[in-house]
Structure formats: structure tokens, C-alpha cells
1. For the chain, give me the percentage of DSSP beta bridges that are antiparallel, rounded to the nearest 5 percent.
2. As a test of understanding, state the convex hull volume per residue of the chain from its alpha carbons, in Å³.
3. Looking at this model, which pairs from Lys62/Lys224; Lys67/Lys93; Lys175/Lys244; Lys105/Lys191 are more than 24 angstrom apart at the alpha-carbon?
4. List the lysines whose Cα sits under 19 Å from the Cα of Lys130, skipping any in the same chain fewer than 8 residues away.
5. Across segment 252-260, in residue order, what do the Karplus-derived ³J(HN,Hα) couplings come to in whole Hz, using 6.51 cos²θ - 1.76 cosθ + 1.60 with θ = phi - 60° and x for Gly and Pro?
6. Once you charge only the Cβ atoms, +1 for Lys and Arg and -1 for Asp and Glu, what is the size of the charge dipole of the chain about its Cα centre, to the nearest 20 debye?
7. Provide the net charge surrounding Ile184, with neighbours chosen by a C-beta distance below 10 Å and charges set as Lys +1, Arg +1, Asp -1, Glu -1.
8. Got a sec? Charge dipole of the chain, +1 on Cβ for Lys and Arg, -1 for Asp and Glu; which of Val92, Phe297, Asn2 is way out at the positive end?
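The values are calculated or read from the model by the stated rules, or taken from the named source; none is laboratory data. Predicted, not measured: the structure shown is a model, and the values here were computed from it. FYI the Cβ positions are ideal-geometry reconstructions off the backbone, even for glycines, and counts take in every protein chain you see. Keep in mind that these areas ignore ligands, DNA and RNA; they rest on the heavy atoms of the full protein, side chains included. Shrake-Rupley method; radii C 1.70, N 1.55, O 1.52, S 1.80 Å.
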Amino acid sequence: MNVIEVKNLTKVFKTNKKYKGKEWFKHLFKREKIVKEAVDGITFSVEEGEALAFIGPNGAGKSTTIKMLTGILYPTSGDIKVLGYNPSKERVKLSREIGTVFGQKEQLWVHLSAMDNFLFFGAIYDIPKKELGERIDRLAKIFEIEEFINQPVKNLSLGQRMKCEMVASLLHNPKMLFFDEPTIGLDPIAKETLRNLIKKMNRELGITILFTSHDVGDIEEVCKRVIIINNGKIMLDDSMRNLKYHHLNKKIVEVNLKKDIKIEEKDGIKILKAKNTMYKIEVDMNKTSMEELMSMFSADDLQDISISTTPLEDIIKDIYRGKDEKVS
């Protein structure tokens, strides 16, 4: 069963062109219109219980799409159904079936305690007092927030606040959750904790997840399917398994050696930058191994080393430009 069905969805924004100096006066009564097609005829569906990453570079159209899915923006054309509702016409009904968690936008009142916030949201959703109390107790145990549930939100760490944000979004038993950069700014331990909680909600509670993030770790651990959007169009719609095999297998290794040693390129090892004793190297883990690279110099020659995954922005750009292998 599909909980999201999108067909030929388009959103066009029209703004007045800005003029400077005398040009402004000349066009005072007749301004040229600038038309931007933020979303350009996209079609996709999401199955019940699925965990989907909806990603793309800044300005790609993902936020505009999500705002249309939640009823915040009206589409210019096309059809949307979310949990059987038309978001632009039945936003109030839809709001009782979905939840949202934004890493950069608080929904909790910071001067109130987490508990007072939960009681407030419970009143908004008309949840009976006894039932609300049971839900808060259950979620507080799952998210391990009992120790600070009565503290003002402003006194909580970012990781603690995000846990409370998730509890608040689950109080009304939503069937679907929209996550927008939920782990941004969190330390590695807090990120891992939050990712595990999101996976648990998806796996044990059967909640459908639509996830946006620029963090490769978030997408790789939480989602099983990825849609990449760029310039308002869907560039890729595939499983996480395929994307990981073809794109996330590449590592960026930066080494600083104690002496000038020539590192040669070979299948799976590409020199991106070389200056004196410093190298920036791309390693394709499908074709070679980190041990193969390390065998090119001894441990005594090594002064410093860092290993990272190719930035998601670069992966998206490569997919858009067709630089990498075609995902099949």
C-alpha cells in the first residue's frame, strides 16, 4: 500500500525582477517577471513502512516538495496523495496523521519543561488525559528522557532536546514522520543514538520515514531507498544498497609523509592532489582495499592521516553530471 503518491508535481515561483538606479524608475509600473520552476514534473510513490531518503544539493527542490507534501505550499500542477489526503485541501486532517522533526527549527517552547510541552501538544491533539499520560511514560522510557523530562528545554543539550522533539512528534501516534536534518550539530554519540531510535520507530512501530540530510551516515544507516533531486527533477530513485555499492564505497584519504615518497595511481587508487609529502587520494573500495594503499609506504614514513567518505554534495553532483558509473 502506498502512503505517498505523487504524479507530475510542479511548483513555479514568480517574482518581480529587481532593478537598480534609473532602471528602477523606468520599470516602476511594469516590472519583468522572473519565473523559477522549483519542482519540475516529478513522479514517485512511497510504500507504507518504508524509510526513504529524499536528498539533493541546496536549492534542488527537496524542501519545496516536502512543503507541498505536508500542505504548507500549494502545487502549481500535478497530483498529491498523502495517506489518502490531498494536502492542499485537507491539511488539518493530514496534520493529525503525520509528524515532523526539524534539526534547525524548534517546535518545543524552550521556557517550558519537556513534560509541559508534551501536555500542551496533547491538548492540541485532544488526547484524553489518561491516554496521554500512558503515551508520555512509554515514549519517555523508549527515548530515555526520564531524568530531564521536567527540566526547561532551554537547559537541555542539543541531543537531549532532539530526543524530546521526537517524543513530541510521536504523541498523537502519527503514521508518517518527516525528518529534516535531525542530526545536524550533534556529536557522534548523540547522532548514533538518534539514528538507532529512528530505525527502531520504523522497524518496531511501522512508521513510514521520509528523511532529508546532508550527512551520509544518516542516510546509510536509516534509509533503504534514496531519491536524489536536482534542479527540480528526480535524478535517481534507487535502493540504498545500489547507491552504496556504486557511490558510497569511495573513501578520501589524506596523508602527510615524513619524506617524499612517490605514490603511484593504479586501479581503484586515484591521486586527487599531490604536493611535496602531502597527498589527497580517492580509494574505490570495490576495486581495491585500504591495505593496498597503505602498502605503498611504511608506518614509519607516516606523519599524519585522515580518512573520510566522499561528501554527499560531491556524490550528488557526480550523479547529476554522469561522472560515476550508472546505477543499475
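1. So the antiparallel bridges in the chain amount to around 75 percent.
2. Hull volume normalised by residue count: 211 Å³.
3. Table pairs above 24 Å Cα-Cα are Lys175/Lys244.
4. The qualifying lysines are Lys141.
5. 9, 10, 10, 10, 10, 9, 6, 9, 6
6. Roughly 1860 debye, rounded to the nearest 20.
7. Around Ile184, the surrounding residues sum to -3.
8. The residue sitting farthest along the positive end of the dipole is Val92.
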